[in-house]
Amino acid sequence: MMYNDTLQTARSFSAEEIRKDFPILSRPVGKNPLVYLDNAATTHKPTHVINSIRSFYESTNSNVHRGVHTLSQLATEQYESARNIVRNFLHASSQQEIVFTRGTTEGLNLLAQSFTNTVVGNGDEILLSGMEHHSNIVPWQMLAQRTGAIMKVIPVLDDGSLDMQTFYAMLTPKTKVISVVHISNSLGTVNPVNEIVKAGHNAGAVVIVDGAQSVAHTKIDVQEIGCDFFVFSGHKLYAPTGIGVLYGKRELLEKLPPYQGGGDMILTVSFEKTEYNELPYKFEAGTPNIEGAIGLAAAIEYLQQFDMESIARHEESLLRYATSLLEQNGVRIIGIAPGKSSIISFVLDGIHPHDVGSLLDRDGIAIRAGHHCTQPVMKRFSVPATNRASFAMYNTMPEVDALVDSLGSIKSLFA
Amino acid sequence: MDIADIRELYQDVILDHNKSPRNFGKPHTHTHTSCGHNPLCGDTFELFCTVDGDVITDIRFEGSGCAISKASASMMTSELKGKTIDEARHLFATFTNAVTSPLDSPVDESLGNLVVLAGVREYPVRVKCATLAWHTMQSALNQSQTASTES
Ligand SMILES: Cc1ncc(COP(=O)(O)O)c(C=O)c1O
């Protein structure tokens, strides 16, 4: 365990109860209690995570993989045990397949960099979806510029789901990479990643899944999904910022060249030649984010007290309740794909999202207003920006009521 | 004006200018123009001025944005019509200063109606909304007349 406190096994899930585990949720904003509905941007951290980091610095702090002294060995053990906790969480078959990164963005950049003229060359095709986060667009654009590869975009249908028919038609022998978001951060759409993986593999492509928005909300089994790579950020999973994970199938990671050079990623170095370290260290140059890995593992431990199904059920009831109240109040929801996740993008006709965001803030309600780093999605739905309420396991029905009430008074203000 | 009075950013004046923006719509002719864009919000405004000698005889705008940026554009155009270029530049400086000053510093009375917008200083992320039209105006006036003349 990352930190010894009162974690339970098979703890029954109650949003009201677990709120007590998140100290920040009891702070006010201005005169109002905080209503935090910006969980797709980042989530709050439970005491168990905060304490794990504190405990690391108070009792174990040292560099990893480098010392023979007691602390360094303890720190290395904790860091590697964090990796094993992540492996188990993702259902990967080997710890060698778990690379610690700074987050989703770094994982995607690592892949796009390492794919240069290995997986992707001149004239090859990279397939993305029309609902990707900028971090799953720009690295591929840069790769395309370096190599002369071509980027293609799977269209998004009016309800926010992927146009799978067109997807199939777009697959060619030149398709070398397919990189798609598991759950869209601006539409809430859950993409059929298993199906995309199967079709991609049949076409001979490598398939990457951006799991930034899915890890905290659904059970992830990378072997069941079958994807070649899966990336996520710790901070959207109740863990600290600055830590993330790249999962990759071992045989593929082995073939890829390293992303950055430095300490830890080498076996021997001379000025003539360097021999790279084995997996996963080949991709972890330099002193890693040790506290981050420990905090991430602590967050996973915290989450694993509960049955993931009960968390998903709670979030789904929040989604359903909020959706019906918003629709009753004449709010336009963008992204209504069947089976979507608990992310609601919406617009109030005639009121700009930034005004809505500022006014909600005065009632202590935090949502995101803007393009959510998905400008192509905004363009697709002909809006400059949207409001986005995104739920986490600690949100409650009264918080949904607070949102809807506050939106009502904003509407009358602008009437 | 007392600072306490500007705490409420969304005052009636701002809501009114947002709802019924003055000087809205592209004019038939103009001598200076510029387009302002705030990529963060997707706010986009186009500004059109007619300058005769050194007097701004007409100033209009078009585009879309949040209430703060739209009200600011509307109030700015109302304020600048009939002013000289030098007066416009001076007001630009006074206005940008007012919206970026520390919370407790006094607001320049010479801003007149524009004082209500000084409330954005409480919302640092919204300052760009209030100043977008002003920067657009500045860049329109900086262009040489011949370079930007079109009708
Ligand atoms: C779907 C998706 N992909 C990628 C990212 C980027 O994550 P990070 O900024 O943690 O690297 C985000 C975060 O907003 C996201 O929602």
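Any chance segment A:161-179 includes a residue that's within 11 Å of the ligand (Cβ to nearest atom), within 21 Å of A:Thr101 (Cβ to Cβ) and open to solvent by 10 Å² or more (accessible area, probe 1.4 Å)?
Within segment A:161-179 (the criterion being within 11 Å of the ligand (Cβ to nearest atom), within 21 Å of A:Thr101 (Cβ to Cβ) and open to solvent by 10 Å² or more (accessible area, probe 1.4 Å)), the answer is no, since none of the residues qualifies.
Can you list residue pairs whose Cβ atoms sit under 8 Å apart, with the first residue in segment A:138-151 being open to solvent by less than 80 Å² (accessible area, probe 1.4 Å) and the second being hydroxyl-bearing (Ser, Thr, Tyr) and not in a helix (DSSP H, G or I)? Count only pairs 6 or more apart in sequence or on different chains.
A:Trp140/A:Ser179; A:Leu143/A:Thr116; A:Thr147/A:Thr116
Residue under question is B:Asp104, and the condition is that it be part of a loop (DSSP other than H, G, I, E, B) and either modelled with pLDDT of 95 or more or more than 14 Å from chain A (Cβ to nearest Cβ) (or both); does it hold?
Here the answer is yes, as B:Asp104 does meet what is asked.
Can you tell me which of (1) in contact (Cβ under 8 Å) with a residue 24 or more places away in the chain; (2) closer than 27 Å to A:Tyr247 by Cβ; (3) out of contact with any Asp or Glu (no Cβ under 8 Å at 6 or more places or on another chain) is the one A:Gln73 doesn't meet?
(1)
Being more than 13 Å from the chain's Cα centre (by Cα) and within 14 Å of chain A (Cβ to nearest Cβ) is true for just one of B:Val55, B:Val13. Which residue is that?
From the options B:Val55, B:Val13, the qualifying one is B:Val13.
Working only within segment A:362-378, note down all residues that are open to solvent by 10 Å² or more (accessible area, probe 1.4 Å), within 12 Å of chain B (Cβ to nearest Cβ) and assigned to a loop (DSSP other than H, G, I, E, B).
A:His371, A:Cys373
Please specify each residue of segment A:332-384 satisfying the condition of being of a type in the set (Phe, Trp, Tyr) and either at pLDDT below 90 or farther than 21 Å from A:Glu399 by Cβ (or both).
Answer for segment A:332-384, where residues must be of a type in the set (Phe, Trp, Tyr) and either at pLDDT below 90 or farther than 21 Å from A:Glu399 by Cβ (or both): just A:Phe381.
Quick one: B:Ala71 ticks every box in (1) more than 14 Å from chain A (Cβ to nearest Cβ); (2) of a type outside the set (Phe, Trp, Tyr); (3) open to solvent by less than 40 Å² (accessible area, probe 1.4 Å) except a single one, so which number is it?
(1)
Of all residues in segment B:25-47, which are among the hydroxyl-bearing types (Ser, Thr, Tyr) and either closer than 23 Å to A:Pro353 by Cβ or within 14 Å of chain A (Cβ to nearest Cβ) (or both)?
If the condition is that a residue be among the hydroxyl-bearing types (Ser, Thr, Tyr) and either closer than 23 Å to A:Pro353 by Cβ or within 14 Å of chain A (Cβ to nearest Cβ) (or both), then B:Thr44 is the only one that fits.
Restricting attention to segment A:291-322, which residues are crowded, with 19+ Cβ neighbours inside 10 Å and either among the small types (Gly, Ala, Ser) or more than 26 Å from A:Ile98 (Cα to Cα) (or both)?
Matches in segment A:291-322: A:Gly292, A:Ala293, A:Gly295, A:Ala297, A:Ala298, A:Ala299, A:His314, A:Glu315, A:Leu318, A:Leu319, A:Ala322.
Going by the conditions given, is B:Phe92 open to solvent by less than 30 Å² (accessible area, probe 1.4 Å) and over 18 Å from B:Gly25 (Cα atoms)? Explain how you work it out, then say what you get.
Working: open to solvent by less than 30 Å² (accessible area, probe 1.4 Å): yes; over 18 Å from B:Gly25 (Cα atoms): yes.
Yes: the conditions hold for B:Phe92.
Using beta carbons and a limit of 7 Å, which pairs, at least six apart or on different chains, have the first residue in segment A:212-234 and among the charged types (D, E, K, R) and the second one open to solvent by less than 10 Å² (accessible area, probe 1.4 Å)?
Going by the 7 Å Cβ cut-off, the qualifying pairs are A:Asp228/A:Val207; A:Asp228/A:Ile208; A:Asp228/A:Gly248.
Tell me whether segment A:96-105 contains one or more residues that are more than 23 Å from the chain's Cα centre (by Cα) and outside the structural domain of A:Asp361 (by TED's automatic domain parsing). Walk me through how you get there before you give the answer.
So in segment A:96-105, the residues more than 23 Å from the chain's Cα centre (by Cα) come out as none.
Among the residues of segment A:96-105, not one is more than 23 Å from the chain's Cα centre (by Cα) and outside the structural domain of A:Asp361 (by TED's automatic domain parsing), which makes the answer no.
Could you list, in sequence order, the residues of segment A:180-218 that are more than 14 Å from the chain's Cα centre (by Cα) and not in a loop (DSSP other than H, G, I, E, B)?
A:Val193, A:Asn194, A:Glu195, A:Ile196, A:Val197, A:Lys198, A:Ala199, A:Gly200, A:His201, A:Asn202, A:Val206, A:Val207, listed by residue number.
Right, A:Val197: without any contact (Cβ under 8 Å) to a residue 40 or more places away in the chain, open to solvent by less than 10 Å² (accessible area, probe 1.4 Å), among the β-branched types (Val, Ile, Thr) and more than 16 Å from the ligand (Cβ to nearest atom) or not?
yes
Looking only at segment A:333-352, filter to residues that are more than 8 Å from chain B (Cβ to nearest Cβ) and farther than 26 Å from A:Val180 by Cβ; which one of those is surrounded by the most Cβ atoms within 10 Å (Cβ to Cβ)?
Filtering segment A:333-352 for residues that are more than 8 Å from chain B (Cβ to nearest Cβ) and farther than 26 Å from A:Val180 by Cβ, the one surrounded by the most Cβ atoms within 10 Å (Cβ to Cβ) comes out as A:Leu348.
Within segment A:379-408, work out how many residues are within 12 Å of chain B (Cβ to nearest Cβ) and free of Cβ contacts under 8 Å to residues at least 40 places away in the same chain.
Final tally of qualifying residues: 4.
Among the strands (runs of 3 or more DSSP E) lying completely within segment A:253-360, list those that include at least 2 residues that are touching a Leu at 6+ places or on another chain (Cβ under 8 Å).
In segment A:253-360, the matching strands (runs of 3 or more DSSP E) lie at A:274-276, A:332-334, A:343-347.
Mind checking whether some residue in segment B:120-128 is at negative phi, surrounded by 24 or more Cβ atoms within 10 Å (Cβ to Cβ) and in contact with an Asp or Glu (Cβ under 7 Å, 6 or more places away or on another chain)?
No: zero hits.
Taking the residues in segment A:235-244 that are under 21 Å from A:Ser342 (Cβ atoms) and near the ligand (Cβ under 8 Å from one of its atoms) as candidates, determine which candidate is surrounded by the most Cβ atoms within 10 Å (Cβ to Cβ).
Going through segment A:235-244, the residues under 21 Å from A:Ser342 (Cβ atoms) turn out to be A:235-239.
Filter once more, keeping what is near the ligand (Cβ under 8 Å from one of its atoms): A:235-236.
Numbers: A:His235: 24, A:Lys236: 26.
Result: A:Lys236.
Please tell me if B:Leu117 is in contact (Cβ under 8 Å) with a residue 60 or more places away in the chain, assigned to a helix (DSSP H, G or I) and either among the aliphatic types (A, V, I, L, M) or farther than 30 Å from A:Val347 by Cα (or both).
yes
Would you mention how many residues in segment A:139-150 are of a type in the set (Gly, Ala, Ser) and within 16 Å of the ligand (Cβ to nearest atom)?
0
For segment A:94-138, give me the residue count where each residue is under 25 Å from A:Ser382 (Cα atoms) and within 16 Å of the ligand (Cβ to nearest atom).
Within segment A:94-138, residues that are under 25 Å from A:Ser382 (Cα atoms) and within 16 Å of the ligand (Cβ to nearest atom) number 11.
The values are calculated or read from the model by the stated rules, or taken from the named source; none is laboratory data. Remember, predicted model here, so these are calculated numbers, not experimental data. All Cβ positions, glycine included, derive from the backbone under ideal geometry; neighbour counts span all protein chains shown. Ligands, DNA and RNA are excluded from the accessible area calculation, which covers all protein heavy atoms including side chains. Shrake-Rupley method; radii C 1.70, N 1.55, O 1.52, S 1.80 Å.
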